[in-house]
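A short worksheet on the structure shown next.
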Amino acid sequence: MTMVGTTPPPRLPVREKTVRHRAGGVSPMLTRLAAERATGVLVRATGTLYLAEGRVVHAESPLAPGLDVLLTAHGTLDAQAWQDAVDRADEPDTADRVLLDGGRIAPGALELCHLSALYDAAYFALAPSSTPGRFRYGTTHWLGSVHPVPVGAVEHETLRRRALLHRIWPDPTTDSAPLERLDTAAAPAVAPRQSAVLARVDGLRTAADIARDLGRPAFHTLVAIRRLAAAGLVAPRPAPPDTDAPWPKQPRPAPPGTDASWPKQPRPAPPGTDAPWPKQPEHPDPDPGPGAPTPPGHPAPTTPADITPVGPHSAQHSAQHPAQQPDIELLKRVRDALEAL
């Protein structure tokens, strides 16, 4: 039997797929806008990024103090000088010059504070979110372009900050929830910058609130708070049960050992009645004094007028108050029997 060899068919051509993985990319839309050299504003769930020819020129977030706070909190810039720049916001390319002209602020100080505010707000604006971003072409920020930053640098710094916070304390709840102090028997020593943050932890303030009070970047405050949490000095205040409402400020839970609702709510009406329940104090005075009204369902207080007199005027008192009189002799016999036991 003769074997005849055959040539295998040629392989079908396969189109090569080029997959680009951008190192450090956190927002595909932002990467595409940078490639387009777009100008406008990218609006995300937790902040906005202003772009000029594909570079980030400004960033804002409700979770980070603005540039005005960083400039005026510690006297770097007079508040009136900032207001003058805001008033001239409608004039193109003049707002930043108002701050620099006349020696109100040095160019290096303005650039340093601007970059600090930009990276600080960009960290929150680029946080993971299920809400898609929106970009409006042509929109510019009134301050102008103080120091444009490449998108790659902003993304790289954002990822670096995420990794740093995770190494310090992996629970991100401390970043957004109201914080409360923990009682620690042997509290470790606290650095001065952390001590200023710890002094403002009161069960109501969040990290953003503390950052604004101190006039510091929010990310620096997050670093201090996570270090305090790692040391066991602070913790997120527990959210009220059965609520989907986001933080911030919620009333504290009811103190232990009380059955009063928290915060105070009107008591339910007595069963079998449609009349509204009158408002009563949580802890009524045991001796409200003469003439005070008696709450519904409570026995009337005993007063001298309600005590049945015994003596020569008892008949006259019984005629005026025809209430049933107690059997004095029966009471005496009961008393004698009890004393004989």
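What follows is calculated from the coordinates using simple rules that are stated; it is not laboratory data. Remember, predicted model here, so these are calculated numbers, not experimental data. Here the Cβ is made from the backbone with ideal geometry for all residues, glycine too, and neighbour counts use every protein chain on show.
With 16 Å as the cut-off, how large is the P(r) tail for the stretch 124-194, expressed as percent of Cα-Cα pairs? Tail of the P(r) past 16 Å holds 74 percent of the pairs. Magnitude of the charge dipole for the stretch 169-236, about its Cα centre and with charges confined to Cβ atoms of Lys, Arg (+1) and Asp, Glu (-1), is about 260 debye. Note: the stretch 169-236, Cα convex hull, 71 Å³ per residue. Could I have the simple spin-label model distance between A199 and T139, label points 7 Å from Cα toward Cβ, reported in nm to one decimal? Reported label-point gap for A199 and T139 is 3.9 nm.
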